[in-house]
Amino acid sequence: MNKLKQLYEGKAKKVFKTDNPDIYLIQYKDDATAFNAQKRGTIVGKGVVNNKMSAYWFLFLEEKGIPTHFIELLNDREMLVKAVEIVKTEVIIRNIAAGSMSKRLGIPEGTPLSQPVLEFCYKSDELGDPVINRDHIRVMKLATDPEIELMAEYAHKINGYLQAELLKSNITLVDFKLEFGRFQGEIILADEISPDTCRFWDSTTNKKLDKDRFRRDLGGVEEAYQEVLKRITGGKE
Ligand code: TMP
């Protein structure tokens, strides 16, 4: 499989074409941004952690029956994936209030929610990924009704699978963001599942083991990424 022309460079990843039109190559970078790229930095080793952790979760979820874009891990920073068209609707699930939900609604960070809360966001850097609802998605033609329902169903199932698995590592899944893609007419899970896209808290101490350490200048960023990968994969990644 040859790496061909770069298709796209995002804030944390580059996507390349390959000689197979159905397959893209994703390369994970150490670049970190926050607050819609107003804050920029580097988290040494992040690309390796996010590549390995995403591969781990994609394989785990495929075994549970969730279709994903993952094909295979190539090396520390690169994986092959199905060439999806990304749905411009992000799906967030929250189990505990934190981040933008706490800010927007005045619910103190750390407050357990009585049920998982699903949010959709319009994937737009220019607009700062605003929260939207099903009606917005429909009138903006971002996804069809069956696609919306399927993404929501997958997101809730993924939440249950991840929460149960993370419990074994004494990690609480506070919230996370998913992106889906269309491939050969089907909706499949795409993008990444990593400390950039999830809030992971140590279940005993509530220590943050995710990108909030970078966003909030808490220190120990690289160490947290390494620790959470090791805890989750047990070094078998
Ligand atoms: P939020 O509380 O800032 O809205 O973040 C909710 C979840 O989404 C959190 O787990 C981090 C993740 N996230 C991303 O993956 N990308 C982003 O650009 C932002 C702002 C959050």
(request) Please give, to one decimal in nm, the separation of the simple spin-label points placed at residue 163 and residue 186, each 7 Å out from Cα toward the Cβ. (result) 2.7
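Based on DSSP H assignment, which helices of the chain show an axial Cα extent of at least 30 Å together with a mean Kyte-Doolittle hydropathy greater than or equal to -0.5?
Values: long enough: 145-167 (33 Å, -0.20).
Passing helices, by number: 145-167.
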(request) Just name one of 171, 116, 146: the one whose Cα is farthest towards the positive end of the charge dipole of the chain (beta-carbon charges, Lys/Arg +1, Asp/Glu -1). (result) 171
(message) Please compute the contact order of the stretch 143-223 in relative form: average sequence separation of alpha-carbon pairs under 8 Å and at least six residues apart, divided by the residue count, as a percent.
(response) 21
(request) Please identify, among 171, 137, 93, the residue showing maximal mean-square fluctuation in a Gaussian network model of the chain using a 10 angstrom Cα cutoff. (result) 137
(message) Roughly how far apart, in whole Å, are the Cα centres of the stretch 104-123 and the stretch 61-81?
(response) 28
(request) Please identify every one of the trypsin sites (Lys or Arg not before Pro) in the stretch 61-155 that sits in a loop by DSSP and has no more than 10 other beta carbons within 10 Å of its own beta carbon. (result) 141
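Sorted by accessible area (1.4 Å probe), largest first, how do 49, 117 line up?
Working: 49 0, 117 40 Å².
Most to least solvent-accessible, the answer reads 117, 49.
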(message) Per residue of the stretch 14-30, what does 6.51 cos²θ - 1.76 cosθ + 1.60 with θ = phi - 60° give for ³J(HN,Hα)? Whole Hz please, x for Gly and Pro, Karplus curve as stated.
(response) 10, 10, 10, 6, 10, 6, 9, x, 8, 10, 10, 10, 9, 10, 8, 9, 8
(request) Using label points projected 7 Å from each Cα along Cα→Cβ, tell me how many nm separate residue 217 and residue 230, to one decimal. (result) 2.8
(message) Using only the heavy atoms of the protein chains and a 1.4 Å probe, how would 135, 191 rank by accessible area, largest first?
(response) 135, 191
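Between residue 75 and residue 126, what length in nm is gained on full extension when 0.36 nm per residue of separation is reduced by their alpha carbon distance? Before the final figure, lay out the partial values.
Values: separation 51, 0.36 × 51 = 18.36 nm, distance 3.28 nm.
Length gained, residue 75 through residue 126: 15.1 nm.
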(request) Please give the calculated 222 nm ellipticity per residue for the chain, where each DSSP H segment of at least 4 residues contributes -39500 (n - 2.57) and the sum is spread over every residue; nearest 500 deg cm²/dmol? (result) -9500 deg cm²/dmol
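Specify whether the C-alpha gyration tensor of the stretch 1-83 places it in the rounded, prolate or oblate class, a ≥ b ≥ c being the square roots of the eigenvalues: rounded for a/c under 1.5, otherwise prolate if a/b is larger than b/c and oblate if not.
Working: a/c = 1.96, a/b = 1.29, b/c = 1.51.
Taking the square roots of the gyration eigenvalues as a ≥ b ≥ c, the stretch 1-83 is oblate.
Using Cα-Cα distances under 8 Å and only pairs 6 or more residues apart, what relative contact order does the chain have, in percent?
Numbers: 442 pairs, mean separation 42.1, N = 237.
Once divided by the residue count of the chain, the mean separation gives 18 percent.
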(request) Please list the non-local residues whose amide H lies under 5 Å from the amide H of residue 171, H modeled 1.01 Å from N, same-chain partners needing a gap of 5 or more. (result) 203
(request) Only Lys, Arg, Asp and Glu count, each charged at its Cβ (+1, +1, -1, -1), so figure out the dipole size of the chain about its Cα centre, rounded to 20 debye. (result) 480
(message) Can I get the semi-axes of the stretch 133-237's equivalent ellipsoid? Compute them from the C-alpha gyration tensor as square roots of 5 times the eigenvalues, in angstrom, largest first.
(response) 30, 15, 13
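Which percent of the accessible area of the chain is formed by carbon and sulfur heavy atoms (probe 1.4 angstrom)? Write down the numbers at each step before the final one.
Working: 5750 of 11240 Å².
Looking at the chain in its full context, I get 51 percent from C and S.
Kindly identify the chain as rounded, prolate or oblate by the Cα gyration tensor criterion: order the square roots of the eigenvalues as a ≥ b ≥ c, call it rounded if a/c is under 1.5, otherwise compare a/b with b/c, prolate if a/b is larger, else oblate.
On the way: a/c = 1.39, a/b = 1.10, b/c = 1.26.
Taking the square roots of the gyration eigenvalues as a ≥ b ≥ c, the chain is rounded.
Give the accessible surface of the chain per residue, rounded to a whole number of Å², with probe radius 1.4 Å and ligands, DNA and RNA excluded.
I get 47 Å² per residue for the chain.
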(request) Report, by chain and number, residues whose modeled amide H sits under 5 Å from the one on residue 87, excluding near sequence neighbours (fewer than 5 apart, same chain). (result) 180, 181, 182
(message) As an exercise, identify the chymotrypsin sites (Phe, Trp or Tyr not before Pro) in the stretch 1-80 lying in DSSP coil whose Cβ has no more than 10 other Cβ atoms within 10 Å.
(response) 35
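The values are calculated or read from the model by the stated rules, or taken from the named source; none is laboratory data. Just so we're clear, the structure is a prediction, and the values are computed from it rather than from any experiment. Glycine also receives a Cβ, built like all others from the backbone with ideal geometry; neighbour counts cover every protein chain displayed. Only protein heavy atoms, including side chains, enter the accessible area calculation; ligands, DNA and RNA are left aside. Shrake-Rupley method; radii C 1.70, N 1.55, O 1.52, S 1.80 Å.
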